[in-house]
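Asker: Input: one structure, supplied below.
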Amino acid sequence: MQKLNIALVFFITILSKINGNPFLFFPKHMLPSLDTSFNFTFNGHMTTMTVSGIYTVEPVTDQDMKTIIGYRNWQSYTGEYTGIFYGVSYFNGTYLQALIDPNTQECTNVFSEVLDCTDWLNTAIVKWDSRCSIIRTDPPITGEMILALRASTSDLTRPSNFSGTVTITGSPDKSTITYDFLSKTVQKNFPYVKCYF
């Protein structure tokens, strides 16, 4: 289970400096505006396990509460894997991540990575792709993440499905994750977490 938790956090973990773009959870036009959270339900797979859950994303603001400086993401998984993931990707290239204790809502297994990403590229009307290089200093790890997202044909600002593959340098294994987004809710509330970031 610890290996799976590390793979999950890896997967949803990255920063950016080589291509000059931070890790964004979705293409910019699909991300929420100030004072708004997007809440999605999903079915999917994490490596070989079937999962379902909730995927929430919202902007992070500067002290003025008007300038977006990044986005945060909360994911709750049920099914063959159960757990809660929390991450904050800042525009300055920092990506902090943690697992959430479901009883206390506190962050555990906190770590930081730097991802160097391409911007999300529109490769077809509904298809978007991005690549990120992964750098973590403690413990030292490097790797690559390849992301693909399809927009809904009825609403090009709504993600329909998502897939990602993470490869760690020196490891023959790949971690994959796929989501089929079922519903989207626009709301003001973000799940409560007790983290310093």
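Asker: Where the convex hull is taken over the Cα atoms of the chain, what is its projected area averaged over directions, in nm²?
Answerer: Details: hull surface 43.2 nm².
Taking the Cα atoms of the chain, their convex hull projects to 10.8 nm² on average.
Asker: I100: net charge of surrounding residues, Cβ under 13 Å, Lys/Arg +1, Asp/Glu -1, itself excluded?
Answerer: Details: positive: R72, K194; negative: D101, E106.
Within the 13 Å Cβ shell, the charges total 0.
Asker: In whole angstrom, how long is each semi-axis of the equivalent ellipsoid of segment 98-197, when you take the square root of 5 times every eigenvalue of its Cα gyration tensor and sort them from largest down?
Answerer: Working: eigenvalues 135, 107, 28 Å².
With the √(5λ) rule applied to segment 98-197, the semi-axes are 26, 23, 12 Å.
Asker: Between beta-carbons, use under 11 Å as the cut-off and find the net charge around E58, counting Lys and Arg +1, Asp and Glu -1. Could you put the intermediate results ahead of the total?
Answerer: Numbers: positive: R72, K188; negative: D35.
Every neighbour counted, the sum reads +1.
Asker: How would segment 41-108 be classified by its alpha-carbon gyration tensor: rounded, prolate or oblate, with rounded meaning a/c under 1.5 and the a/b versus b/c comparison settling the rest?
Answerer: Working: a/c = 2.45, a/b = 1.99, b/c = 1.23.
Prolate.
Asker: Here's another thing I want to ask about it. Tell me, what % of the accessible area of the chain is carbon and sulfur with a 1.4 angstrom probe? It would help to have the intermediate numbers written out before the result.
Answerer: Values: 5170 of 9550 Å².
Taking all protein chains in place, the chain shows 54 percent carbon and sulfur surface.
Asker: Is the C-alpha gyration tensor of segment 97-156 telling us rounded, prolate or oblate? Criteria: a/c under 1.5 is rounded; beyond that, a/b larger than b/c is prolate, otherwise oblate. Mind dumping the intermediate values first?
Answerer: Working: a/c = 4.67, a/b = 1.52, b/c = 3.06.
Since a/c reaches 1.5 but b/c is at least a/b, the shape of segment 97-156 is classed as oblate.
Asker: Between T157 and T50, how high is the FRET efficiency from 1/(1 + (r/R0)^6) when r is the Cβ-Cβ distance and R₀ = 35 Å? Nearest 0.05. Working shown, then result.
Answerer: Values: r = 28 Å, r/R0 = 0.80.
Between T157 and T50 the formula returns 0.80.
The values are calculated or read from the model by the stated rules, or taken from the named source; none is laboratory data. Because the structure is a prediction, the values reported are computed rather than measured. Every residue, glycine among them, receives a Cβ derived from its backbone with ideal geometry; neighbour counts consider all protein chains shown. Heavy atoms of the whole protein, side chains included, go into the accessibility calculation; ligands, DNA and RNA do not. Shrake-Rupley method; radii C 1.70, N 1.55, O 1.52, S 1.80 Å.
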